[in-house]
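Student: Questions regarding the structure given below will be posed in turn.
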Amino acid sequence: MDCTLPAFMRRGRAWKEAPPNDSSDSEDEWTPRLDRRCPDCEECRSFFIEKCEVHGPPHIIPDTPVPVGVTDRARQTLPSGLEIQKSSIHDAGLGVFNKGQTVPVGAHFGPYQGELIDKEEAMNSGYSWVIFKSKHCDEYIDAKRETHSNWMRYVNCARNDEEQNLVAFQYRGGILYRCYRPIKAGQELLVWYGDEYAKDLGITFDYIWNKKCSAKGYFQTLY
């Protein structure tokens, strides 16, 4: 767990120094900004906790249940209609493709599954996400081991806004991927993180994210 992050953050695709946190909340009262902000309804753009009062709960596409520790567990957790094959991105290795009906805008995948590791391990892995836990502390979830992770470890980073169809965000202590463009049959699932997720995190996340992308061979780290 990292409790000493520098005051840096990443917004969109550029990083900069962030102003000091001037919040008056006490450590006991304070909760992560991302977990205070709930998902928004794709129909009316209103925020909700369990469901939109007008349009109901969000569309969740569940994983296929597989016990932790099973060989090749990550692949076996693929939801119906998705398939792992060679990525459409050069030198990116494997990727996740839609082979079923169009995935609608507003569909949610997740949470991202893996093992809790320390900061040093996370910074050397290409499969880690930062979980914002408290005002000065983060946790790191890593999907390097296929026996302890799910299919989301195979989703590649989008190289640009045009090809991105998933947004990663933190909700209730986990990482979810939300579909914000229809994903048609044959298309690859490609993710980037939302601004709300990035602005609560530090330069450690910036490094981890670039590690995640550069591990696939199509990004260079900032360091």
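The values are calculated or read from the model by the stated rules, or taken from the named source; none is laboratory data. Since we're looking at a predicted model, the values are computed, not measured. In this analysis, Cβ positions are derived from the backbone assuming ideal geometry, glycine residues included, and neighbour counts consider all displayed protein chains.
Student: Working carefully through the options 156, 150, find the one that is crowded, with 20+ Cβ neighbours inside 10 Å, out of contact with any strand residue (DSSP E or B) (no Cβ under 6 Å at 6 or more places or on another chain) and touching a residue at least 60 places away in the same chain (Cβ under 8 Å).
Tutor: Every option except 150 fails the conditions.
Student: Still on this structure, please answer the following. Could you grab me the full set of residues in the stretch 64-78 that are part of a loop (DSSP other than H, G, I, E, B) and of a type outside the set (Gly, Ala, Ser)?
Tutor: 64, 65, 66, 67, 68, 70, 71, 72, 77, 78 - these are the residues of the stretch 64-78 that are part of a loop (DSSP other than H, G, I, E, B) and of a type outside the set (Gly, Ala, Ser).
Student: Could you run through the stretch 165-179 and say how many residues are surrounded by fewer than 16 Cβ atoms within 10 Å (Cβ to Cβ) and over 12 Å from the mean Cα position of the chain (by Cα)?
Tutor: The total comes to 1.
Student: Being among the hydrophobic types (A, V, I, L, M, F, W, C) and closer than 22 Å to residue 73 by Cα is the filter here; which residues of the stretch 89-125 pass it?
Tutor: Across the stretch 89-125, the qualifying residues are 92, 94, 96, 97, 109, 116, 117, 122.
Student: For the stretch 87-108, does any single residue satisfy the condition of being crowded, with 22+ Cβ neighbours inside 10 Å, under 12 Å from the mean Cα position of the chain (by Cα), in contact (Cβ under 8 Å) with a residue 24 or more places away in the chain and assigned to a strand (DSSP E or B)?
Tutor: No, there is no match, as no residue in the stretch 87-108 is crowded, with 22+ Cβ neighbours inside 10 Å, under 12 Å from the mean Cα position of the chain (by Cα), in contact (Cβ under 8 Å) with a residue 24 or more places away in the chain and assigned to a strand (DSSP E or B).
Student: May I pose another question? Evaluate the following for residue 113: is it within 16 Å of the chain's Cα centre (by Cα) and among the polar types (S, T, N, Q)?
Tutor: Yes, satisfied.
Here is a yes/no grid of residues against (1) assigned to a loop (DSSP other than H, G, I, E, B); (2) under 20 Å from residue 213 (Cα atoms); (3) at pLDDT below 95:
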| residue | (1), (2), (3) |
| --- | --- |
| 112 | yes, yes, no |
| 122 | no, yes, yes |
| 125 | yes, yes, yes |
| 136 | yes, no, yes |
| 140 | no, yes, yes |
| 153 | no, yes, no |
| 169 | no, yes, yes |
| 175 | no, yes, yes |
| 186 | yes, no, no |
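Student: Have a look at 121, 163, 139 and point out the one that is among the acidic types (Asp, Glu), out of contact with any Cys (no Cβ under 9 Å at 6 or more places or on another chain), in contact (Cβ under 8 Å) with a residue 12 or more places away in the chain and within 19 Å of residue 93 (Cβ to Cβ).
Tutor: Among 121, 163, 139, only 163 is among the acidic types (Asp, Glu), out of contact with any Cys (no Cβ under 9 Å at 6 or more places or on another chain), in contact (Cβ under 8 Å) with a residue 12 or more places away in the chain and within 19 Å of residue 93 (Cβ to Cβ).
Student: Still on this structure, I have one more. Out of the stretch 142-151, which residues are closer than 15 Å to residue 75 by Cα, under 15 Å from the mean Cα position of the chain (by Cα) and not in a helix (DSSP H, G or I)?
Tutor: 143, 144, 149, 150
Student: For residue 116, state whether it is assigned to a strand (DSSP E or B), out of contact with any Cys (no Cβ under 8 Å at 6 or more places or on another chain) and modelled with pLDDT of 95 or more.
Tutor: Judged against the criteria, residue 116 is a match.
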